[in-house]
Amino acid sequence: MVINLNNRALLKLSGSENETFLQAQLSNDINKLDNSSIQLNAYCQHQGKVLALFWVIRAGDDFLLSFPLDLLDSIQARLQMYVLMADVKITDVTEQYLQIGLIGKSQKDSFTINERLSLILADPKKLSKFDFTSQDYWDKACIDTFLPEVSIASTETYIPQVLNLDINEFGVNFSKGCFPGQEVVARLHYLGKAKRRLFAFKSDSPLSIGDALYCAESKSVKATGSVVSQVKFGADFYCLATLEVKHKDDKITINNDQGPTLKRIHNE
């Protein structure tokens, strides 16, 4: 399947110090990124909350950052603020490429995201050559493969562990050195255990990003969790949502005890 991901921005970072700059700003080890893969990175503020999740691509001597379009202005401005005197140039190249998602297949010029998903960057002039499938298929595949997303509706809400980014160091490398929020993220990793994790759910009622998860058995003063991403697929509604781990097998409803029931999908 081929999907036009026209809801994503693309920034190019060029200059002799671009790799050093990204290594100091992002959660994963940029030095380990090859030329055929996408590396997931959290861009955090100093309290460890995720501002954005980047799909990072190595493109020759440059780097490309793909992330939701609604975060473009704030993220570009924040990155630029930290460039200071470094030899780094940040350019918005969103309009210069088609970002095309591939499900269940790859090709020679594609960048691998995970075992099911990959991305190609194409010339916008070739738009008519593609037979695109609905974005819903991509959103559902992201839920199936536990690929989280942070948008304007959820920026500065979650720490990386809550989004499962620390599992197998998928999106956080704990030996790479400092990055904004690293002390908070590392402290939880070495001294504690995440009380909330990311799970997949199914419902027969509509869901929205930010919806609270309610569990009658929970004694937390906060919501038991919240919806991170969602999609209507067929007759049902699916989501990735954070949840207190100890309540993963309890009855979960949306927003209150009278809300729609969420059924956990046991594929994590």
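The values are calculated or read from the model by the stated rules, or taken from the named source; none is laboratory data. Just so you know, these numbers come straight off a predicted model, no measurement behind them. Every residue, glycine as well, gets a Cβ built from its backbone with ideal geometry; the counts of neighbours run over all protein chains shown. Accessible surface is based on the protein model in full, side chains and every heavy atom, while ligands, DNA and RNA are left aside. Shrake-Rupley method; radii C 1.70, N 1.55, O 1.52, S 1.80 Å.
Do we find a residue being closer than 23 Å to LEU69 by Cα, open to solvent by less than 50 Å² (accessible area, probe 1.4 Å), aliphatic (A, V, I, L, M) and in a loop (DSSP other than H, G, I, E, B) anywhere in the stretch 129-146? Taking every residue of the stretch 129-146 in turn, none turns out to be closer than 23 Å to LEU69 by Cα, open to solvent by less than 50 Å² (accessible area, probe 1.4 Å), aliphatic (A, V, I, L, M) and in a loop (DSSP other than H, G, I, E, B).
Just one residue in the set GLY104, GLY177 is surrounded by fewer than 17 Cβ atoms within 10 Å (Cβ to Cβ), touching a helix residue (DSSP H, G or I) at 6+ places or on another chain (Cβ under 9 Å), touching a residue at least 60 places away in the same chain (Cβ under 8 Å) and farther than 19 Å from ASN41 by Cβ; that residue is GLY104.
Evaluate the stretch 64-86: report whether one residue or more is open to solvent by less than 10 Å² (accessible area, probe 1.4 Å), under 16 Å from PHE111 (Cα atoms) and β-branched (Val, Ile, Thr). No, the stretch 64-86 contains no residue that is open to solvent by less than 10 Å² (accessible area, probe 1.4 Å), under 16 Å from PHE111 (Cα atoms) and β-branched (Val, Ile, Thr). Restricting SER151, SER208 to residues that are of a type outside the set (A, V, I, L, M, F, W, C), touching a residue at least 12 places away in the same chain (Cβ under 8 Å), part of a loop (DSSP other than H, G, I, E, B) and open to solvent by less than 30 Å² (accessible area, probe 1.4 Å) narrows the list to SER151.
Residues of the stretch 181-191 that are open to solvent by less than 40 Å² (accessible area, probe 1.4 Å) and either in contact with a helix residue (DSSP H, G or I) (Cβ under 6 Å, 6 or more places away or on another chain) or farther than 19 Å from PRO148 by Cβ (or both): VAL185, ALA186.
Just one of (1) part of a loop (DSSP other than H, G, I, E, B); (2) modelled with pLDDT of 95 or more; (3) open to solvent by 50 Å² or more (accessible area, probe 1.4 Å) fails for LYS202. It is (1).
Table: residues versus (1) in contact with an Asp or Glu (Cβ under 6 Å, 6 or more places away or on another chain); (2) charged (D, E, K, R).
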{"residue": "GLU17", "(1), (2)": "yes, yes"}
{"residue": "GLN47", "(1), (2)": "no, no"}
{"residue": "LEU65", "(1), (2)": "no, no"}
{"residue": "VAL88", "(1), (2)": "yes, no"}
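The C-beta contact set for the stretch 67-88 (first residue within 25 Å of PRO148 (Cβ to Cβ), second residue in a loop (DSSP other than H, G, I, E, B) and of a type in the set (D, E, K, R), distance under 7 angstrom, 6+ apart or interchain) comprises PRO68/GLU149.
Taking the criterion of being in a loop (DSSP other than H, G, I, E, B) and among the charged types (D, E, K, R), the residues of the stretch 211-268 that qualify are ASP211, GLU217, LYS219, LYS222, LYS248, ASP249, ASP250, LYS251, ASP257, GLU268.
So how many residues does the stretch 34-49 have that are among the hydrophobic types (A, V, I, L, M, F, W, C) and more than 28 Å from ILE120 (Cβ to Cβ)?
Here the count works out to 1.
Screening VAL93 with (1) in contact with a strand residue (DSSP E or B) (Cβ under 9 Å, 6 or more places away or on another chain); (2) open to solvent by 10 Å² or more (accessible area, probe 1.4 Å); (3) over 21 Å from LYS176 (Cα atoms) gives one miss only, at (2).
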